[in-house]
Amino acid sequence: MTKAPRTTHKDDAATTRVLIADDHVTVREGLAAIIGRQPDMAMVAQAANGREAVELWQQHQPDVVLLDLRMPLLDGVGAINEIRERRPDARIVVLTTFDSDHELLRAIKAGAKGYMLKDAQRDELLECIRKVHAGGTYIQSSLTDKLAAVVTSKELTERELHVLRLLALGKSNRQIGADLHISETTVKSHLRSIFTKLNVLSRTEAIAVASRLGLVQL
């Protein structure tokens, strides 16, 4: 298990504490160097596999996790699931070489707050870390249209998208039904289908995932 000491010369109150998880040591060292040069960031630990990532997350409780998708012992999505079981609002950024539809959807549905490719520009990666730490979400600009198109075309129907967008506006089932000229029972049926397709359990979680996918604007 590879651990990094806390950066003592930085102001803890203003520092974003970052955990890096990647099975390639050169990637970890490169990220550690970039983060170490930022006055508002500090690397607290490095993990070489998904199992270590979960263990080190429990130990250090970092503000943001940079996580590869394909790692030994436990893959990135498995690590996200285990971390979010312990803390549903954990702030995790996937940093990977994979931009396939399948990988994108798995990570976002699992609860990743950010998704970046390893060839991203340094400034965009740092922007992603800062935005996620502040409570936002960040999908690399080159991936947002692709992700929204994948979900729209393969999963949600046009009617379900309408229901989801009205839901994001804070409307009740009755109000959604009135706007779309359908019954509350039909609205509930659409919501059940949306929850299943987005792999969520509540209205709040559905809106959060839809926002990360670019399907709704908050």
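Summary of computed values
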item: Phi-based couplings in Hz for the range 106-119 (Karplus 6.51, -1.76, 1.60; Gly and Pro marked x); result: 4, 5, 5, 5, 5, x, 4, 8, x, 9, 10, 8, 5, 8
item: Added length on full extension, which subtracts the Cα-Cα distance from 0.36 nm per residue, GLN59 to GLU124; result: 20.6 nm
item: Amide H contacts under 5 Å for THR96, placed H, 5+ residues apart; result: MET116, LEU117, LYS118
item: Rounded to 5, the percent of DSSP beta bridges in the chain classed as antiparallel; result: 10
item: Cα gyration tensor, the chain - rounded (a/c under 1.5), prolate or oblate; result: prolate
item: Estimated FRET transfer efficiency when R0 is 41 angstrom, pair LEU180-LEU117 (beta carbons, to 0.05); result: 0.65
item: Neighbour-limited loop hits for trypsin sites (Lys or Arg not before Pro), the range 11-54 (at most 12 other Cβ within 10 Å; DSSP other than H, G, I, E, B); result: ARG37
item: Least to most buried among GLU184, GLU160 (fewest other Cβ within 10 Å first); result: GLU184, GLU160
item: The range 155-213 - Kirkwood radius from inverse mean 1/r over Cα pairs (Å); result: 11.1
item: Tilt relative to the chain, helix 25-36 - C-alpha long axis, 0 to 90 degrees, to 10; result: 90
item: Centre separation in Å (Cα based) which lies between the range 12-49 and the range 107-131; result: 14
item: Candidate aspartates and glutamates for bridging to LYS171, where Cα separation is under 19 Å - those fewer than 8 sequence places away on the same chain excluded; result: GLU158, GLU160, ASP179, GLU184, GLU205
item: Cβ-Cβ FRET estimate between ALA33 and GLU85, R0 fixed at 30 Å, reported to 0.05; result: 0.40
item: Zone residues, the range 160-196, relative to THR204, backbone N less than 16 Å from point 7 Å out along Cα-to-Cβ; result: 168-171
item: Cα long-axis angle, helix 76-86 against the chain (0 to 90 degrees, to the nearest 10); result: 80
item: Net charge dipole size for the chain [Lys, Arg +1 and Asp, Glu -1 on Cβ; Debye, nearest 20]; result: 540
item: Nonlocal amide H pairs with LEU74, under 5 Å, H built at 1.01 Å; result: GLY50, ARG51
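Bear in mind that the values in this text are calculations on the coordinates, not laboratory data. Everything numeric here is computed off the predicted structure, so don't read it as measured data. Note that each Cβ is placed from the backbone with ideal geometry, even for glycine, and that neighbours are counted across all protein chains shown.
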